1. Test of understanding: what is the full-extension gain from ARG136 to LEU38, defined as 0.36 nm times their sequence separation minus their Cα-Cα distance?
2. Using the charge dipole of the chain (Lys, Arg: +1 at Cβ; Asp, Glu: -1 at Cβ; taken about the Cα centre), state which of LEU338, GLN17, GLN241 has its Cα farthest towards the positive end.
3. Points 7 angstrom from Cα along the Cβ direction at ALA23 and GLU254: gap in nanometres?
4. Describe numerically, in nm with one decimal, the distance between label points set 7 Å from Cα along Cα→Cβ at GLU105 and at THR229.
5. Obtain the nm distance between the two label points defined at GLN366 and VAL339 by a simple spin-label model: each point lies 7 Å from its Cα along the Cα-to-C-beta direction.
6. Between ALA82 and ARG316, how high is the FRET efficiency from 1/(1 + (r/R0)^6) when r is the Cβ-Cβ distance and R₀ = 22 Å? Nearest 0.05.
7. Dipole size in debye (nearest 20) for segment 83-194 around its Cα centre, Lys and Arg Cβ +1, Asp and Glu Cβ -1?
8. Using the alpha-carbon atoms, what tilt in degrees (0 to 90, nearest 10) does helix 364-373 show relative to the longest principal axis of the chain?
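Read-outs: derived from the displayed coordinates by stated rules, not from any lab. Worth saying up front: this structure is predicted, and the values here are computed from it rather than measured. Here Cβ is always computed from backbone atoms with ideal geometry, including for glycine, and neighbour counts include all displayed protein chains.
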Amino acid sequence: MTTTDTHGRPHPSAATQLHLSLAETAIAHNYEPLPVVLASGQGAWVTDVDGHRYLDCLAGYSALNFGHGHPRLTAAAQEQLARLTLTSRAFHNDRLGPFCRDLAELAGMDLVLPMNTGAEAVETALKVARKWGYERKGVAPDRATVIVADGNFHGRTTTIVSFSTDPVAREGFGPFTPGFRTVPYGDSAALEAAVDENTVAVLLEPIQGEAGVLLPPPGYLQAVRDVCTRENVLFIADEIQSGLGRTGTTFACEAEDVTPDIYVLGKALGGGIVPVSAVVSRHDVLDVIRPGSHGSTFGGNPLAAAVGHAVVELLRTGEYQARAAELGERLRGRLDELVGHGAVAVRSRGLWAGIDLDPALMTGRQACLRLLDRRILAKDTHGSTIRLAPPLVMEPTQLDWLCDQLTEALTRPTG
Ligand SMILES: *Cc1c(COP(=O)(O)O)cnc(C)c1O
């Protein structure tokens, strides 16, 4: 029997308490995790140190699109772990070529530049775009600018936070990298007006994830594509979170039949097992990178390439994209019912949703605590928004259960 506090919430067990106190004393406080300590996972489920099971509706911010412990992915990792894990790029390895060939083909591009984390891939794309601007477009030395959108999230490096519009992400981290121009997200006229002869690229998320799963107005991506083509500017699509099946298509840009000049990929590319990121583009763009001008000790390592290749093989079946689209329809129907019942607005594409709560009722954090009591893991963002990104392998019945719990968490006065 569990004892409960005055709110009916179970007291943390000794095992949970140990890890919560270690988090206080031994882990830098760069996150504020919900009070649950996870120990194992399978498919869409995770289990805490006390044996309680939760439906994982964050899925590692979409790094776990294929769920926990996907048999094809863990097999690829285990097999490679026993064979060869790291060579450095000073030598070839027998996993990288096939991975890059098939990823390029999946993206309809020519070349892949492998990195590790998302932020590194974004940095890589920015370096590529600047060099492309100087060598191919003829921009005057050190004058290149990149246009970005407000509300963006592209990672945490000093250059990337330089063009963040989130004060918390920037504060105390200057001096910042120059060369960025910010325009409102979703406004293609503002974007066009910001382009000048020094503009080398536009860097955008096709759907802004961290901002709360914000969808741009219909036609926006196409309009951005048109401006970039007309002005000889590279369109860099940061599909680190939106890509690889999440929205019901391989890439979120497909919703408007748009092909960017550069895809930036990460998160799910590593199958939730190892960090794998990539810049995927055409010869005429990526050829500006030559030996010595860019690299990474771990980028393109055989373990990462084996897992990434297995991810590409899953995506080539189209099965996961179709699943995200079908489950997404089902989710959408249920989310719409929440508007006026705890939620003021809902947005979704595929199996990815942002729910703006009525701030008078509760904060996003409070909603996530209520969901935690109901054995659902979800994450808040920007005060009163919660976002859902469950693994694409989840069953329709699990999705229904999630929606039931969500409805009750938002509409019941307590719990
Ligand atoms: C997560 C994310 C990143 C950064 O990826 P990291 O692996 O955390 O460095 C960049 N862009 C987008 C859109 C993301 O969601």
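1. That pair, ARG136 and LEU38, stretches by 30.3 nm at full extension.
2. The residue sitting most towards the positive pole is GLN17.
3. So the two model labels end up 3.6 nm from each other.
4. 2.7
5. A separation of 2.4 nm, rounded to one decimal place.
6. Details: r = 25 Å, r/R0 = 1.14.
The value I calculate is 0.30.
7. On the way: 13 positive and 13 negative charges, 83 e Å.
Dipole about the Cα centre, nearest 20: 400 debye.
8. 50
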